[in-house]
Structure formats: C-alpha cells, structure tokens
Amino acid sequence: MIVIDTSALVEFLVGGDARADRVRTTASAQTLAAPHGIDLECMAALRGLTRGGRLPEDEAERALQLLGRMDIRRYEHTPRIWQLRHNMWPHDATYAALAELLDVPLMTVDKKFTTVPGLRCPMHLIDCSPQTQGHWRQPRPGRSPSDFSQDI
C-alpha cells in the first residue's frame, strides 16, 4: 500500500512525461490510499490547469471520469494533521499523517515533503529533470492513464 498525494495523482491522470509514467508504474503496482479530500484537491488542480490553458477541458473531464473509476481507499482525517501544523499546511499534512497512520510510504512529486522535519513516514519521491516537468498536453507513448486504471 502507498499513500498518493494530489501532485502524484494529477501526474497519473494527465501527465505526459517520464515522471507521469513513473507515477503510473508505481501506482499500478500498489494499493492506493488517500484522504477523502483528494477528489476536491484534484478537481482544483485540474481547474487551474484548464483555466491556465495548460490542459484542454475535455482532457480534464476524461481525467475526472478516470478518477471516479480508480480504486483508491479513502480515509478520514487524523488528529496528527494538527500536530504537523508548524511545518506543513493542513492539506499537505493530511497525506503525511495518513501515511504515518498506515505505516506506508507517501508517493509524491512535490519535493517540499522531503524537507519537512518530524515526519514519521518514508517518502517515495517521483523526481524528474527540469526538461520533463509539467508536460500535460504531449502525446503519451505506450500506455495511457486509462490503460493503467484497469490495473488499480
């Protein structure tokens, strides 16, 4: 099992680069867990991408349909979120607190998680080089995100 955060989930759903492929490969080999708020955070991220002209609306709608079909175990929030308030925003802390509670790694593409003091969960950072960051509109070679949804 692995906790997936919004940054990794958005890469899974609409990413078109090597990092997104690594997220999909990692996710398809794991049982995914996330806090209940992940759906709203994912919608907010997709909204920002479409409003910024970085993602076509039909691609965002397809991503939301895929999200609805994904088998992600959603969990309630924990008191640990408040304990992390000095080092993390609550929406970020929900993922770390859940990973700690489940005693599993947190998968993210957000490097800021790796520098937070006091976290008690391992990080699975899907890193990328600057030339592969943030490609959402490029054609995807090989398997598409919807192909992976059958694996998870």
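The values are calculated or read from the model by the stated rules, or taken from the named source; none is laboratory data. Small disclaimer: the values here were computed from a predicted structure and weren't measured. Glycine also receives a Cβ, built like all others from the backbone with ideal geometry; neighbour counts cover every protein chain displayed.
Side notes on the structure shown:
- Answer from Thr108, Thr115, Thr31 - the residue that is under 14 Å from Asp5 (Cα atoms), of a type in the set (Ser, Thr, Tyr) and surrounded by fewer than 15 Cβ atoms within 10 Å (Cβ to Cβ): Thr31
- Looking across the stretch 47-58 at every residue that is in a helix (DSSP H, G or I) and over 17 Å from the mean Cα position of the chain (by Cα), the one that is surrounded by the most Cβ atoms within 10 Å (Cβ to Cβ) is identified as Thr50.
- Pair list, Cβ under 9 Å, 6 or more apart: the stretch 86-107 residue closer than 12 Å to Ala34 by Cα and small (Gly, Ala, Ser), other residue in a helix (DSSP H, G or I) and modelled with pLDDT under 95: Ala96/Phe113
- Just one residue in the set Arg69, Arg80, Arg24, Arg62 is loosely packed, with under 13 Cβ neighbours inside 10 Å, modelled with pLDDT of 95 or more, of a type in the set (Lys, Arg) and at negative phi; that residue is Arg69.
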